[in-house]
Amino acid sequence: MAPIHVLAGAQVVLPTGTVQDGRVIVEGTRIAGSAPGDAPTVDLRGHWLVPGFVDLHNHGGGGAAFSGGADAALTAVATHRRHGTTTLVASTVTDDMDVLVRQAGVLSELAEQGDIAGIHFEGPFISPCRKGAHSEALLRDPDPAEVRKLVDSARGQARMVTLATELPGGVDAVRLLADQGVIAAIGHTDATYEQTVEAIGAGATVATHLFNAMPPIGHRAPGPITALLEDERITVELINDGTHLHPASLQLAFHHAGADRVAFITDAMDAAGGGDGRYQLGPLAVEVSDGVARLVEGGSIAGSTLTLDRAFKRAVTVDRLPVGDVVAALSANPARLLGRYDRVGSLEPGKDADLVVLDRNFDLKGVMRRGAWVVEPQLD
């Protein structure tokens, strides 16, 4: 019989609301519905208990990138798990196609082993006008045959591809991805409002880091942001690190999209969980200063050094969002988007015992993944 223990006394955030003095029962790797009276109990009074975080968009952490091979990828995974991310999609960055195909082969094995939840290809099918921290020399139009090649190289583990859908072949590539069951994400784009509407109609369902690497809203040219916010089929990614977005922009997204259509992401590079200094993002050199990553050449923001526990705390304490909305953006919404809500994303019987313990100030104090403590609870 699998070991059973009870996490008791915390404010437990459930899909139906927050339960005061709640209990979560863990049996083996899963959440259970009941426990014997003599089951060991962890006293979590004065703390919050929330589902493990789900990150759709993450390039690395702990000094390691997902482009750096299996050992580097596992280092990045372990770094983010210690910060509460129990489900993670590994993101690539623009590179030569042959390099990306090799990276996909490595990452697909990690996905098959359950270390990551799949692969997100960010580039090379993006706009040179909105390239951000991607090498312009390596960008290309989203020819459906090349998109298919990249997806096939992931051996069924491709979860998302970010595209500038206004480029030649973009809309056809969206249709191809939708047919393959892969998320087509609109991002690093110079699309008009009308072009974005067309791409959504073709099957795009995600806005890659909304507001960033796309035209701003104009009163005569509303651009992609307006189209992405107004369509109920779109989940919008937000990087809530205080650098990528003004708080008013975040509030705008929550107001227009609603809490059930927002997914907080890190867009983390290998400097996440590390310190300032010089790093690499794909083929490009990055300098991190005061926790902000920028390209050495040109100074563009280069991903982030964010971890999702920091995004949680900022959302509640700075942005003043309801805890339930923040939990949805960090757990339930991305889990649903990935088709994993039957296993992760909420604290319900039968699901994986993936959870995070936070203190009253919303600082992380413990992390459990599949019933095992990644971070043993540090309780006052």
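The values are calculated or read from the model by the stated rules, or taken from the named source; none is laboratory data. Fair warning: this is a prediction, and the values are worked out from it, not measured in the lab. All Cβ positions, even for glycine, are placed from backbone atoms using ideal geometry, and neighbour counts span all protein chains on display.
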Residue match in the stretch 366-379 (condition: over 22 Å from S249 (Cβ atoms), in a loop (DSSP other than H, G, I, E, B) and in contact with a Leu (Cβ under 8 Å, 6 or more places away or on another chain)): yes
Matching entry among D359, D319, D352, D325 (being more than 20 Å from A76 (Cβ to Cβ), touching a His at 6+ places or on another chain (Cβ under 8 Å), surrounded by 15 or more Cβ atoms within 10 Å (Cβ to Cβ) and touching a residue at least 24 places away in the same chain (Cβ under 8 Å)): D359
Sole residue being buried (at least 22 other Cβ atoms within 10 Å of the Cβ) and part of a helix (DSSP H, G or I), chosen from V197, V174: V174
Cross-chain or 6+ apart pairs with Cβ under 7 Å, the stretch 265-286 first and on the phi > 0 side of the Ramachandran plot, then among the hydroxyl-bearing types (S, T, Y) and in a loop (DSSP other than H, G, I, E, B): G273/T307; G282/S67; G282/T94; G282/S135
Residue match in the stretch 24-32 (condition: among the small types (G, A, S), in contact with a helix residue (DSSP H, G or I) (Cβ under 6 Å, 6 or more places away or on another chain) and assigned to a loop (DSSP other than H, G, I, E, B)): no
Hits in the stretch 147-160 - residues which are assigned to a loop (DSSP other than H, G, I, E, B) and basic (K, R): R155
Residues of the stretch 82-103 that turn out to be hydrophobic (A, V, I, L, M, F, W, C) and within 16 Å of A137 (Cα to Cα), as a count: 4
Answer residue from the stretch 202-251, given it is acidic (D, E) and touching a residue at least 60 places away in the same chain (Cβ under 8 Å) and is farthest from A178 (Cα to Cα) among those: D241
Residue match in the stretch 233-251 (condition: over 19 Å from the mean Cα position of the chain (by Cα) and among the β-branched types (V, I, T)): no
Cβ-Cβ under 7 Å pairs, at least 6 apart or on other chains, the stretch 73-98 side buried (at least 24 other Cβ atoms within 10 Å of the Cβ), far side in a helix (DSSP H, G or I) and acidic (D, E): H83/D309; G84/D309
Residue, nearest to V318 (Cα to Cα), within the stretch 366-380, restricted to residues that are buried (at least 19 other Cβ atoms within 10 Å of the Cβ) and touching an Asp or Glu at 6+ places or on another chain (Cβ under 7 Å): G366
Within the stretch 301-347, tally of residues that are in a loop (DSSP other than H, G, I, E, B) and of a type in the set (A, V, I, L, M): 7
Residue among G298, G350, G274 that is assigned to a loop (DSSP other than H, G, I, E, B) and not assigned by TED's automatic domain parsing to the domain that holds L100: G350
Whichever residue in the stretch 239-271 is assigned to a strand (DSSP E or B) and among the aliphatic types (A, V, I, L, M) and, among such residues, is farthest from G69 (Cα to Cα): V262
